[in-house]
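Let me begin by presenting the structure, written as structure tokens, before commenting on it.
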Amino acid sequence: QVHLVESGGGLVQAGGSLRLSCVASGSLFRDNVMGWYRQAPGKQRELVADITSGGTTNYVDFVKGRFTISRGNAGNTVYLQMNSLKPEDTAAYYCNVRQSVMNAWGKGTLVTVSS
């Protein structure tokens, strides 16, 4: 079982930056994919970016060039650097890890971008 804890959300003005962090504890396999999803009010949860344990990254189009996902050296931490934030980026951001048949989620951290 894997436990995920996110941090770093908050209120920021449009054009500003935030850095989200997620720490995983428990039975983390060597091969896994860690990622960030977000869910705005009234909308479905959607992928933002993910990164394999080997460092391969994947971004959705609406964050390319603005957000950067990375992992810590120990492999159990994932970060999301968010720059040039827009009001439409306002959402709860969730950390996720996928390994083998397991799919774990954090409780989320709220990001609010004011115009």
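The values are calculated or read from the model by the stated rules, or taken from the named source; none is laboratory data. Bear in mind the structure is a predicted one, so any value in this text is a computation, not a measurement. Cβ coordinates were reconstructed from backbone atoms using ideal geometry, including for glycine residues, and neighbour counts include every protein chain displayed. Heavy atoms of the whole protein, side chains included, go into the accessibility calculation; ligands, DNA and RNA do not. Shrake-Rupley method; radii C 1.70, N 1.55, O 1.52, S 1.80 Å.
Per-structure values
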| read-out | value |
| --- | --- |
| Computed lengthening from LYS64 to VAL23, 0.36 nm per intervening residue step minus Cα-Cα distance | 12.4 nm |
| HN-Hα J in Hz across the range 67-79 - Karplus 6.51, -1.76, 1.60, θ = phi - 60°, x for Gly and Pro | 10, 9, 9, 8, 10, x, 4, 6, x, 10, 10, 10, 10 |
| Accessible carbon and sulfur surface of the chain relative to its total accessible area, %, 1.4 Å | 48 percent |
| Gain in span if fully extended, ALA74 to ASN103, counting 0.36 nm per residue against the direct Cα distance | 8.4 nm |
| Exposure rank, largest accessible area first [PHE67, PHE29; 1.4 Å] | PHE29, PHE67 |
| Per-residue ³J(HN,Hα) for the range 49-61, Karplus 6.51 cos²θ - 1.76 cosθ + 1.60, θ = phi - 60°, Hz, x for Gly and Pro | 6, 9, 8, 7, 5, x, x, 6, 10, 9, 10, 7, 4 |
| Cα radius of gyration and Dmax for the chain (Å) | 13.4, 41 |
| For the chain, built as a Gaussian network whose Cα springs stay under 10 Å, the top-fluctuating residue of MET34, MET102, MET82 | MET102 |
| The range 1-65: relative contact order in percent, alpha carbon pairs under 8 Å with at least 6 residues between | 23 percent |
| Charged-residue dipole, Cβ positions (Lys, Arg, Asp, Glu), the range 6-115 about Cα centre, Debye nearest 20 | 60 debye |
| The chain: relative contact order in percent, alpha carbon pairs under 8 Å with at least 6 residues between | 36 percent |
| Protection proxy ranking, peptides 12-23, 84-95, 52-63, average beta carbon neighbours within 10 Å, highest first | 84-95, 12-23, 52-63 |
| Considering only the chain, percent of DSSP beta bridges that pair antiparallel, nearest 5 | 90 percent |
| Cα centroid separation - the range 82-115 against the range 47-80, whole Å | 12 Å |
| The range 31-94, relative contact order in percent, only Cα pairs under 8 angstrom and at least six apart counted | 32 percent |
| For the chain, accessible area per residue (1.4 Å probe, heavy atoms of protein chains only), Å² | 53 Å² |
| Integer Hz, Karplus 6.51/-1.76/1.60 couplings in order for the range 25-38, x for Gly and Pro | 10, x, 8, 8, 6, 5, 9, 7, 10, 10, x, 10, 10, 9 |
| Stretch gain in nm, segment SER84-VAL5, where the contour uses 0.36 nm per residue and the Cα spacing is subtracted | 26.0 nm |
